[in-house]
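Quick one: structure below, then a few questions.
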Amino acid sequence: MRSSNPVFSRRGFSRDNGYAGFNTAPQAGYAQGNPYAQNPYANNPYAQQDVQQGAPPQAPATTGRMTMDDVVMRSAMTLGTVAVGAVLAWALLPVSSTSFGLAFGSAIVAMVLALIQSFKRTPVPALILGYAAFEGVFLGVISEMYNSQWSGAPFQAVLGTMAVSAATLLVYRAGWIRVTARYARIGMAIAIAFVLVMAVNLLLVAFGVAENGGLRSFGPLGAIVGIIAILLGAFFLTLDFKQIEDGIAYGAPKNEAWLAAFGLTMTLVWIYVEMLRLVAIFSSND
């Protein structure tokens with residue numbers, strides 16, 4: 001299944017990923033029984049059984065397949081690297097124009113590493129951990145900047161990120177959200193529209209057409225935009241959860257756990273940054 005997470009949009013669990021033994025066409029009836037058939041997320045190379053009868057998929061009884069422990073371990077490594085980078089940046093870099101420039105440069109490097117990994121046919125742990133390290137530096141600097149003006153904002157943002165993630169996982173595991181083709185298409189359409197609107201808003205702000213940040217101002221409108229962004233982050237989390245669930249069930253190669261961790265890290269960073277802005281907006285209006 002190909003995820004809508006930017007990391008998986010090109011290199012995900014797709015039928016053309018080149019893994020020997022994992023690009024076998026699904027058995028007869030799979031297309032009719034799989035709600036992802038006929039959409040970009042349906043190309044799951046790991047399905048080796050007919051799910052039309054309603055039986056839950058079972059992971060093949062072979063070694064070298066991705067497990068939940070693999071995903072948890074890789075996610076802990078990537079998120080831990082982000083946290084270490086953030087703590088070091090906070091501790092060693094005082095708030096200044098220089099540190100802001102370093103944060104901007106780190107964000108650019110992190111983005112480049114993420115793009116390189118997204119075009120790779122196989123996960124490269126060095127790229128993923130490098131992305132996490134530079135992303136951590138960026139988060140550490142901006143978190144310190146926010147904390148200097150709104151004391152405690154980063155801590156509240158971390159709690160908010162954890163709450164959103166836990167609630168999303170609970171809702172997903174309870175079956176209240178079904179990740180179907182229609183769900184993915186609608187969510188992606190909203191996400192693309194949001195990104196385009198934010199890009200236009202950034203240009204308007206840069207050229208002085210929109211004042212005080214435009215749609216990203218520290219007022220009620222900015223709060224609404226922030227809430228929408230966090231909801232989009234929760235949407236991407238559900239796609240990540242589905243990606244991981246299907247990868248484990250259908251016997252994805254073990255190294256795919258790095259991509260799962262990569263996608264989760266990117267999504268959680270998105271939610272944290274938006275939560276940080278939202279906390280600052282609410283603190284400003286107190």
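Within the stretch 148-168, count every residue that is more than 20 Å from A234 (Cα to Cα) and free of Cβ contacts under 8 Å to residues at least 40 places away in the same chain. Spell out how you get there, then give the answer.
Filtering the stretch 148-168 down to residues more than 20 Å from A234 (Cα to Cα) leaves 148-153.
Those still in the list that are free of Cβ contacts under 8 Å to residues at least 40 places away in the same chain too: 151-152.
Residues meeting the conditions: 2.
Here is a follow-up. Exactly one condition in (1) of a type in the set (V, I, T); (2) without any contact (Cβ under 8 Å) to a residue 40 or more places away in the chain; (3) buried (at least 19 other Cβ atoms within 10 Å of the Cβ) is not met by I186; state its number.
Every listed condition holds for I186 apart from (3).
Would it be correct to say that A59 is more than 19 Å from M145 (Cβ to Cβ) and modelled with pLDDT under 85?
Working: more than 19 Å from M145 (Cβ to Cβ): yes; modelled with pLDDT under 85: yes.
It is true that A59 is more than 19 Å from M145 (Cβ to Cβ) and modelled with pLDDT under 85.
Turning to a different aspect of this structure: Restricting attention to the stretch 177-222, report how many residues are outside any helix (DSSP H, G or I) and not β-branched (V, I, T). Break it down stepwise before answering.
Of the residues in the stretch 177-222, the ones outside any helix (DSSP H, G or I) are 177-180, 207-213, 217-219.
Right, trim to not β-branched (V, I, T) and you get 178, 207-208, 210-213, 217-219.
Number satisfying all stated conditions: 10.
Taking into account only those residues within the stretch 227-250 that are crowded, with 23+ Cβ neighbours inside 10 Å and among the small types (G, A, S), which is nearest to T161 (Cα to Cα)?
Per the criteria, the residue is G233.
Oh, and also: May I ask you to say which residue of S151, S143 is outside any helix (DSSP H, G or I) and among the small types (G, A, S)?
Working: S143 fails: outside any helix (DSSP H, G or I).
Answer to the check: S151.
The values are calculated or read from the model by the stated rules, or taken from the named source; none is laboratory data. The shown structure was predicted, so the numbers you read here are calculated from the model rather than taken from an experiment. Neighbour counts are summed over all protein chains in view; Cβ atoms, including those assigned to glycine, are modelled from backbone coordinates with ideal geometry.
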